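Read the structure below first, then the notes.
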Amino acid sequence: MANQRVVLASRPSGWVSEADFRIEEGPLPRPAEGEVLVKNLWLSLDPYMRGRMSDAKSYVKGVELGEVMVGQTVGEVIESRTEKLAPGDKVLTQLGWQLYGATREATRVDEKRAPLSCYLGVLGMPGMTAYFGLKEIGQPKAGDTVVVSAASGAVGSVVGQLAKLWGCRAVGVAGGARKCDYVKRELGFDDCVDYKAGNLAAALKEACPEAVDVYFDNVGGEIFDTVLAQMSLLSRVVVCGLIADYNATEPYRLRNWRSVLVNRIRLQGMIVFDWKERHGEALEVLAGYFAEGRLKYRESVLAGLENAPRGLVALLKGENFGKQLVRLA
Ligand SMILES: NC(=O)c1ccc[n+]([C@@H]2O[C@H](COP(=O)([O-])OP(=O)(O)OC[C@H]3O[C@@H](n4cnc5c(N)ncnc54)[C@H](OP(=O)(O)O)[C@@H]3O)[C@@H](O)[C@H]2O)c1
């Protein structure tokens, strides 16, 4: 049996392309004492991966040229050198873009509770991001209007559903009629604005006649700027993601910064692993709603490790519809 891995071949400037990656074959890794050998079944593709392809200073170090691309995976233990795990166990790991890997950082996941892919989406890192960002930074009160961008995606879809479950009015912003339709009809948001249809400011005003109390920002750029001008007094902004800027060579420059002062807006950035100690709490809450059928999700699935580069490019262009995954086996 051989391993296959996708490594970073070059650092993109501007838009990432499939040529920035290289697929390599090699022997299966041998687990050391305390480690497990895992066969990866699902690979998560996430927007943050674009940042890791750069060597610019960030909250975590980038991937080196020739190194395997980072990423979360769910897989099956095929050999164990620790008492904590046995062959056949399903585990969540950080093994990255490869078919097999050896690690001591593996967390068992329960296949009976939810399909394995959910531990990379609605019950995984994106779900936790939505939970802590909304609860701790957004601090929504019943009756508040909560707006979230990239509303049909992995994080956004959970944000809006939690807002509804917690007694708020949920309004999404998404690209295109199909996604907006899904957000309203399937996910149960009160409204969803299509930013690609033009005149976002007017459409948002119509959807949120009493201003926005919490804005969960997944995208940055012009959408952030537009929502900023429609925030209420003492409102909160969760700065979660800037996907509109990830491939830009110049950052977007805000026009409506004045609204932060006039409305005394509290604006805070969030990185999900700052809440690492409380992941168990989020999993219990999210899995509870999930079991009751009150947390819906959607996935965009590509088959085969060789398609991971194409999947990341598509995700960054907004071509995914739901949590982007690669099925490896
Ligand atoms: N801070 C943290 O700890 C943390 C953790 C997880 C994720 N995030 C961030 O959260 C955001 C969403 O991540 P996700 O995993 O849930 O991805 P996702 O929403 O499932 O997929 C990304 C979506 O972003 C939208 N998008 C892409 N380019 C855009 C642009 N130029 N302008 C506006 N929207 C654009 C697209 O939706 P439309 O077609 O609707 O535009 C696309 O489907 C990302 O910015 C990510 O970096 C942050």
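The values are calculated or read from the model by the stated rules, or taken from the named source; none is laboratory data. These numbers come from a predicted model, not from an experiment. With ideal geometry, Cβ positions are generated from the backbone for all residues, glycine too; neighbour counts draw on all protein chains shown. What goes into the accessible areas is simple: the full protein's heavy atoms, side chains included, and nothing from ligands, DNA or RNA. Shrake-Rupley method; radii C 1.70, N 1.55, O 1.52, S 1.80 Å.
Inspect the stretch 115-124 for any residue being out of contact with any strand residue (DSSP E or B) (no Cβ under 9 Å at 6 or more places or on another chain), within 16 Å of the ligand (Cβ to nearest atom), in contact (Cβ under 8 Å) with a residue 24 or more places away in the chain and part of a loop (DSSP other than H, G, I, E, B) and give the result as yes or no. Within the stretch 115-124, one or more residues are out of contact with any strand residue (DSSP E or B) (no Cβ under 9 Å at 6 or more places or on another chain), within 16 Å of the ligand (Cβ to nearest atom), in contact (Cβ under 8 Å) with a residue 24 or more places away in the chain and part of a loop (DSSP other than H, G, I, E, B). Consider the stretch 273-298 and keep the residues that are outside any helix (DSSP H, G or I) and either free of Cβ contacts under 8 Å to residues at least 40 places away in the same chain or in contact with a helix residue (DSSP H, G or I) (Cβ under 6 Å, 6 or more places away or on another chain) (or both). The one that is farthest from residue 178 (Cα to Cα) is 292. Within the stretch 20-33, residues that are without any contact (Cβ under 8 Å) to a residue 60 or more places away in the chain reach partners that are small (Gly, Ala, Ser) with beta carbons closer than 7 Å, at six or more positions or on different chains, in the pairs 22/9; 25/2; 26/2; 27/2. Has the stretch 280-295 got at least one residue that is under 29 Å from residue 5 (Cα atoms) and either open to solvent by 80 Å² or more (accessible area, probe 1.4 Å) or within 10 Å of the ligand (Cβ to nearest atom) (or both)? Among the residues of the stretch 280-295, not one is under 29 Å from residue 5 (Cα atoms) and either open to solvent by 80 Å² or more (accessible area, probe 1.4 Å) or within 10 Å of the ligand (Cβ to nearest atom) (or both), which makes the answer no.
All conditions in (1) open to solvent by 50 Å² or more (accessible area, probe 1.4 Å); (2) part of a loop (DSSP other than H, G, I, E, B) hold for residue 86, with the sole exception of (1). Scanning the stretch 308-329 for residues that are surrounded by fewer than 19 Cβ atoms within 10 Å (Cβ to Cβ), in a helix (DSSP H, G or I) and more than 12 Å from the ligand (Cβ to nearest atom) turns up just one, 310.
Restricting attention to the stretch 263-278, does a residue exist that is within 14 Å of the ligand (Cβ to nearest atom) and among the acidic types (Asp, Glu)? Within the stretch 263-278, one or more residues are within 14 Å of the ligand (Cβ to nearest atom) and among the acidic types (Asp, Glu).
The number of residues in the stretch 42-71 being open to solvent by 30 Å² or more (accessible area, probe 1.4 Å), under 23 Å from the mean Cα position of the chain (by Cα) and not hydroxyl-bearing (Ser, Thr, Tyr) comes to 13.
The number of residues in the stretch 117-141 being open to solvent by 20 Å² or more (accessible area, probe 1.4 Å) and not polar (S, T, N, Q) comes to 5. Looking at residue 156, is it surrounded by fewer than 19 Cβ atoms within 10 Å (Cβ to Cβ), in contact with a Gly (Cβ under 8 Å, 6 or more places away or on another chain) and of a type outside the set (S, T, N, Q)? Criteria not met by residue 156. Applying the condition of being in contact (Cβ under 8 Å) with a residue 60 or more places away in the chain and more than 8 Å from the ligand (Cβ to nearest atom) to the stretch 163-187 and asking which residue is most open to solvent (accessible area, probe 1.4 Å) yields 178.
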